[in-house]
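The values are calculated or read from the model by the stated rules, or taken from the named source; none is laboratory data. Computed from a predicted model, the values in this text were never measured in an experiment. Glycine gets a Cβ as well: all are built from the backbone with ideal geometry, and neighbour counts include every protein chain shown. These accessible areas exclude ligands, DNA and RNA; they are computed on the full protein's heavy atoms, side chains included. Shrake-Rupley method; radii C 1.70, N 1.55, O 1.52, S 1.80 Å.
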Amino acid sequence: MSNLFPLPLAPFEEYMLLDDRPGYRMTFLVEQSFEGEIDRAAFDAGVAEALQRHPLLRANVRQSFFRRWNWVAAQNVQPLVDWASYDEPVQDSEELGIDLRREIGVRFVVRVGNGRSRLVTQLHHACCDGMGAIQFLSDLFVKYTRVVSPHAKVQPAFQPAEGRHLKNRARLNVYSDKSMSRWRLFRRVLGYARHYSAHPPVALVGSRLIAKSQTPLAAPGTLTRTLPLSAQHALRRVARRWDVTVNELLVRELMLTIRDWNQRHGSLQDTDHISIRVPTNLRNLEHDQLPAANVVGFVAFQRSVAEMHEPERLLESIQQESQFYKRWRFGAAFLDALKVLHWIPGALRRVVNSDHSFGSAIFSCLGDPSLAIAANFPVNADGNPIFGNLVFDDMNTAPPIRPMTHASFTTWHFSNKLRLGVRCNSAVFSQESAQELLDLFADRVVALASTRIDDRSGQREAA
């Protein structure tokens, strides 16, 4: 590993680094809850092992003489770990941010007592994405389990990870579909850029009902709602009938939620545009042994309010655009633009410091994060992974938000229950208004799951 550093930051890593600012930290949280009490010595051993296996999470950043950012080996690889009893409140450390020039990109808050444990992991987005966080935490608990249960007949295995593959983390090798020439694709990219420049999306407005009597939204401003057990299966049936994916259904419902919210608490014109930005995982087979890193792009679904008057046609257009994005791995186009800006002095900083809204909201679709962990650990009767003396029984996550993008939504499922989460800007939302926003979205999804829709003809071609 000694020959890995210094390692130039990839364009997206530099984007995350420069976009970090007070009030809008480019860090995200993963909160896990357990039956059983975390063993401190085993946890410390797990942290040390996971950091050894994932170099970007034990590195600092430095600028070279040419003002290019590089990852360098950290002199102090000990992360901040806040230990306390289970009932001790979790103090907000995120507003302070993680200064990658002085500390590594991960922190922990551990709460233990009365047969329960809670672990909150804070990670800098320049170091890794959600998939990288799962890799890191899985390896942490592999070592933890081996320390707690050294004589177990079957021991969990570490996920393959080779530090040398980090040198190729930005090589996405996006393969083109021969049905469209590169020139036509380039023209389409330019068309998207012109459209978004001409029609910047509206931001979520604050509630007009916010009063001094309402509760301030505690950072990081994250709320979660677990839907009824039947909702996930019902949504799949609705999606099959409409020949779409569940995520495409949820994008439409979120777009309509933002429309309804802004109409309720502000003003909205038919010519206003609402944009949902969706992170996309760009890993391919060549990334199989990649340690924790950030390998995501973005796609956006943007529509005028007038286009939302016909929800069925809106869904059809989202499905068509989604298929185009998947076919061309269009999320990589965002990274290609960052690569161009990377070589223009000061261009990337000017972009991140602009006051334009990049999206009305962010929507992360995580699937079932426990599957990547459960595949490597024994599970109990409910399918929850067992880590030695711990049973992993729930999780939550909170993506970062940007200026003018006042909320980021998340969907995932755990133990066959669909979760919807939102992280709101505490300068715009109170605790009550953030809950109102989440309930507006969740109620739409529950109502959709309970609808009866006539079967539609035709079979969906597998993606």
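For segment 399-411, does any single residue satisfy the condition of being among the charged types (D, E, K, R), modelled with pLDDT under 90, on the phi < 0 side of the Ramachandran plot and within 20 Å of the chain's Cα centre (by Cα)? So that I can check it myself, show each step before the final result.
Narrowing segment 399-411 to residues among the charged types (D, E, K, R): 402.
Those left that are additionally modelled with pLDDT under 90: 402.
This time we only want the ones that are on the phi < 0 side of the Ramachandran plot, so: 402.
Filter once more, keeping what is within 20 Å of the chain's Cα centre (by Cα): 402.
Within segment 399-411, one or more residues are among the charged types (D, E, K, R), modelled with pLDDT under 90, on the phi < 0 side of the Ramachandran plot and within 20 Å of the chain's Cα centre (by Cα).
Is segment 404-413 home to any residue that is closer than 26 Å to residue 213 by Cα, in contact with a Ser or Thr (Cβ under 9 Å, 6 or more places away or on another chain) and open to solvent by 10 Å² or more (accessible area, probe 1.4 Å)?
yes
Regarding segment 122-138, can at least one residue be identified that is of a type in the set (Val, Ile, Thr) and open to solvent by less than 30 Å² (accessible area, probe 1.4 Å)?
Looking for residues that are of a type in the set (Val, Ile, Thr) and open to solvent by less than 30 Å² (accessible area, probe 1.4 Å), one finds none in segment 122-138, hence no.
Determine whether residue 97 is out of contact with any Gly (no Cβ under 8 Å at 6 or more places or on another chain), open to solvent by 30 Å² or more (accessible area, probe 1.4 Å) and farther than 16 Å from residue 140 by Cβ.
no
Condition check ((1) modelled with pLDDT of 95 or more; (2) more than 17 Å from residue 70 (Cα to Cα)) across all residues:
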| position | (1), (2) |
| --- | --- |
| 5 | no, no |
| 12 | no, no |
| 29 | no, yes |
| 32 | no, yes |
| 35 | yes, yes |
| 42 | yes, yes |
| 47 | yes, yes |
| 50 | yes, yes |
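Take the residues in segment 211-252 that are assigned to a loop (DSSP other than H, G, I, E, B) and small (Gly, Ala, Ser), then tell me which one is most open to solvent (accessible area, probe 1.4 Å).
Within segment 211-252, the subset assigned to a loop (DSSP other than H, G, I, E, B) is 211-215, 217-221, 227-230, 243-245.
Next, only the ones that are small (Gly, Ala, Ser) stay: 211, 213, 218-219, 221, 230.
On the way: 211: 51, 213: 108, 218: 67, 219: 49, 221: 1, 230: 78 Å².
Ranking the qualifying residues of segment 211-252, first place goes to 213.
When residues of segment 253-282 are filtered for being open to solvent by 30 Å² or more (accessible area, probe 1.4 Å) and under 13 Å from residue 326 (Cα atoms), how many remain?
Total meeting the criteria: 3.
Just one of (1) open to solvent by 50 Å² or more (accessible area, probe 1.4 Å); (2) modelled with pLDDT of 95 or more; (3) charged (D, E, K, R) trips up residue 87, so point out which.
Every listed condition holds for residue 87 apart from (2).
If I filter segment 254-269 for residues that are farther than 22 Å from residue 447 by Cβ and assigned to a helix (DSSP H, G or I), do I get at least one hit? Before you say what the answer is, go through the steps one by one.
Residues of segment 254-269 that are farther than 22 Å from residue 447 by Cβ, as a first pass: 266-267, 269.
Remaining after also requiring assigned to a helix (DSSP H, G or I): none.
No, every residue in segment 254-269 fails to be farther than 22 Å from residue 447 by Cβ and assigned to a helix (DSSP H, G or I).
Among strands (runs of 3 or more DSSP E) lying entirely in segment 1-77, which contain 3 or more residues that are open to solvent by 20 Å² or more (accessible area, probe 1.4 Å) and not polar (S, T, N, Q)?
Working: elements: 27-35, 59-63, 69-73.
By residue number, 27-35, 69-73.
I'd like the residue in segment 440-463 that is of a type in the set (Gly, Ala, Ser) and at pLDDT below 80 and, out of all such residues, is nearest to the chain's Cα centre (by Cα).
The qualifying residue nearest to the chain's Cα centre (by Cα) is 463.
I want to confirm something. Restricting to segment 423-439 and keeping residues that are crowded, with 19+ Cβ neighbours inside 10 Å and modelled with pLDDT of 95 or more, which single residue is nearest to the chain's Cα centre (by Cα)? Write out each step before concluding.
First, the residues of segment 423-439 that are crowded, with 19+ Cβ neighbours inside 10 Å: 423-426, 428-430, 433-434, 437-438.
Of the ones still in play, those that are also modelled with pLDDT of 95 or more are 437-438.
Working: 437: 19, 438: 17 Å.
Only one residue tops the list, namely 438.
Would you please list the contacts, defined by Cβ atoms under 6 Å and residues six or more apart or on different chains, that run from a residue in segment 242-262 that is closer than 17 Å to residue 435 by Cα and of a type in the set (Ser, Thr, Tyr) to a residue that is crowded, with 21+ Cβ neighbours inside 10 Å and modelled with pLDDT of 95 or more?
257/441
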